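Here's the structure, in structure tokens; my notes come after.
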Amino acid sequence: MIAGPARFQHLLGIEPLSREDILLLLENSQRFVEVSQRDLKKVPALRGKTIINLFLEPSTRTRASFEIAGKRLSADTINITASGSSVTKGETLLDTARTLQAMNPDILVVRHRSSGAAQFLSERLTKTAVVNAGDGMHEHPTQALLDSLTLCQHFGVSASEFNGKNICIVGDVRHSRVARSNIWAHHLLGNRITLVGPSTLVPREFSDQGAFPGEIRIAHSLREGLESADVVMVLRMQLERQSDNFIPSLEEYTRQYCITEEALRVASPDCVILHPGPANRGIEISSAVYEGSRSLVEKQVNNGVAVRMATLFLLGTRSRKESL
Ligand code: CP
């Protein structure tokens, strides 16, 4: 596999990327899908490189898939979590990152509860590429990439042909880094975006004063929002980020916005469902839909490894041409 040279030095979000950058990441991801299907799931592409996964917020999918991705590329990978590190003794994020940089890693993958944490580190670390694995309410770029890869595969199109679809994002958009990264990605790819949820969780700034005035449709009624949807992205209700009363009660939210088979009757008959996980079954999505024939959730998780392999590969080989 030949990677086109990545023009980005870090992966901090989808917003700073160009359409060409996204296509490069998605095309390489698709090629890495094949590596994970082999009996021997390993290539020597990043042999001799060191990757540190610094996860200071909980994660199952992202952390496991970055570790697997690094190992399948033959890099040396280590994982650090908040509870097992000197963060618990009060060490700051920057001191932690500088300490790790002193051990000469090539890539630092960071998850942090603060929006902007990955950018903050990228501006201060001089020798290490930084990958954002989710920062507060800001961005989760590899999630949007794996969602797009999953949809390209489902619709049987290449990344450059993936456009014109009605993508409906439902739920707690306000607190969602997954939603923000997907909005940027589908804007660049050329899909139509509808955001659905209560006005407290889908502020009008996403439509009127945001980066794409008039381009994003907002609906506060689920029935109106789901009409003709080709894809429904169900967001996790972020119970840990609801410090203010954004909804009257979970029961009320579920009554109005839970994605059920009945609610999906107005969507396109072939409509498919994405959920980044972890799901609150029975709150934002019914178990029947989550596990049903429209659900691409397992495929999303599966593609997470390929997307993270492509990300690490492109950043880890920026300075040299590599073939697998
Ligand atoms: N989608 C996602 O980021 O899941 P994790 O929190 O389990 O990594």
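Within region 1-34, track down each residue that is out of contact with any strand residue (DSSP E or B) (no Cβ under 6 Å at 6 or more places or on another chain), outside any loop (DSSP other than H, G, I, E, B) and crowded, with 20+ Cβ neighbours inside 10 Å.
22, 24, 25, 26, 28, 29, 32
Residue 263 is checked against (1) buried (at least 17 other Cβ atoms within 10 Å of the Cβ); (2) within 16 Å of the ligand (Cβ to nearest atom) and fails just one. What number does that condition carry?
Going through the list (1) buried (at least 17 other Cβ atoms within 10 Å of the Cβ); (2) within 16 Å of the ligand (Cβ to nearest atom), residue 263 breaks only (2).
Could you please find all residues in region 221-260 being away from the ligand (no atom under 16 Å from the Cβ), in a helix (DSSP H, G or I) and acidic (Asp, Glu)?
Hits for region 221-260 are 224, 251, 252.
Just a yes or no: is a residue in region 302-311 touching a strand residue (DSSP E or B) at 6+ places or on another chain (Cβ under 6 Å), assigned to a loop (DSSP other than H, G, I, E, B) and on the phi < 0 side of the Ramachandran plot?
Looking through region 302-311, none of the residues is touching a strand residue (DSSP E or B) at 6+ places or on another chain (Cβ under 6 Å), assigned to a loop (DSSP other than H, G, I, E, B) and on the phi < 0 side of the Ramachandran plot.
Within region 40-51, can one find any residue that is within 16 Å of the ligand (Cβ to nearest atom) and closer than 26 Å to residue 148 by Cα? So that I can check it myself, show each step before the final result.
Start the filter on region 40-51 by keeping residues that are within 16 Å of the ligand (Cβ to nearest atom), which leaves none.
The answer is no; no qualifying residue exists.
Looking at region 133-147, can you tell me whether even one residue there is free of Cβ contacts under 8 Å to residues at least 60 places away in the same chain and within 12 Å of the chain's Cα centre (by Cα)?
Within region 133-147, one or more residues are free of Cβ contacts under 8 Å to residues at least 60 places away in the same chain and within 12 Å of the chain's Cα centre (by Cα).
What do you reckon, is residue 83 under 25 Å from residue 143 (Cα atoms), over 21 Å from the mean Cα position of the chain (by Cα) and within 16 Å of the ligand (Cβ to nearest atom)?
yes
Give me the helices (runs of 4 or more DSSP H) completely within region 92-203, filtered to those with at least 3 residues that are crowded, with 24+ Cβ neighbours inside 10 Å, ordered by residue number. Even if it seems obvious, please write down each step before you answer.
Numbers: elements: 93-101, 117-122, 141-155, 177-189.
Result: 117-122, 141-155, 177-189.
If I ask for residues that are more than 17 Å from residue 233 (Cβ to Cβ) and among the small types (Gly, Ala, Ser), which ones from region 247-277 would you list?
249, the sole residue that qualifies.
Condition test on residue 83, is it in contact (Cβ under 8 Å) with a residue 60 or more places away in the chain, on the phi < 0 side of the Ramachandran plot and not aromatic (Phe, Trp, Tyr)?
Values: in contact (Cβ under 8 Å) with a residue 60 or more places away in the chain: no; on the phi < 0 side of the Ramachandran plot: yes; not aromatic (Phe, Trp, Tyr): yes.
Taking the combined requirement at face value, the residue does not satisfy it.
No value in this document is a laboratory result; all are computed from the given coordinates. Worth saying up front: this structure is predicted, and the values here are computed from it rather than measured. No Cβ is skipped: glycine too gets one built from the backbone with ideal geometry, and neighbour counts run over all protein chains shown.
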